[in-house]
Amino acid sequence: MSAVHEQVGVKVRYFAGARAAAGIAEETVVVMRSGDGAPRASDVIDAVLSKHGERLAKVVPACSFLLDGLAVRDRSVEVSDGAELDVLPPFAGG
C-alpha cells in the first residue's frame, strides 16, 4: 500500500513589485501534502519561485508574507488547503 499524498491549494496574491515580477496579480499554487504533515509556507514560496523564475527570485528576499492575514515570521509554518498567502515587497513611503 502506498502513502497517500494530497494536493493543497494555496491562493497566492502578489502586490506592487512582486506583481510586476510574477506578471500576475494572483494564482492558486498546488503543493503536495505528504505522509509527514502539511506543506509549509516555504514550500509555497519555493513553488512560486520555480514557476516565475529569476525576476521574482530577485524580489522575494526583500518581501514579507501574510498567511490568512497574519504576518509570517517563520516560513516553516504549515499551510492548509484554501489558505491565502500574500507576497508584499517593501513599500516606499513619503
Helix 41-52 sits off the longest principal axis of the Cα atoms of the chain, rounded to the nearest 10 on a 0 to 90 degree scale, by 70 degrees
Please compute the net charge surrounding residue 8, taking Lys and Arg as +1 and Asp and Glu as -1 over other residues with Cβ under 13 Å from its Cβ. -2
Carbon and sulfur %, accessible surface of the chain computed with the full protein complex present, 1.4 Å: 51 percent
Could you go through the range 60-73 in sequence order and give the Karplus-derived ³J(HN,Hα) for each residue, using 6.51 cos²θ - 1.76 cosθ + 1.60 with θ = phi - 60°, rounded to whole Hz, and x for Gly and Pro? 4, x, 8, 7, 10, 9, 10, 10, 6, x, 10, 4, 9, 9
Peptide ranges 43-55, 65-77 listed from the most packed, as the mean C-beta count within 10 angstrom indicates: 43-55, 65-77
Taking a probe of 1.4 Å and leaving out DNA, RNA and ligands, the chain shows per residue an accessible area in Å² of 60 Å²
For the chain, what does the helix formula give at 222 nm: sum of -39500 (n - 2.57) over DSSP H segments with n ≥ 4, over the residue count, nearest 500 deg cm²/dmol? -7500 deg cm²/dmol
Over all pairs of distinct alpha carbons, what does the Kirkwood formula give as the hydrodynamic radius of the chain, in Å? 13.6 Å
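The values are calculated or read from the model by the stated rules, or taken from the named source; none is laboratory data. These numbers come from a predicted model, not from an experiment. Neighbour counts are summed over all protein chains in view; Cβ atoms, including those assigned to glycine, are modelled from backbone coordinates with ideal geometry. The area values use the complete protein model at the heavy-atom level, side chains included, leaving out ligands, DNA and RNA. Shrake-Rupley method; radii C 1.70, N 1.55, O 1.52, S 1.80 Å.
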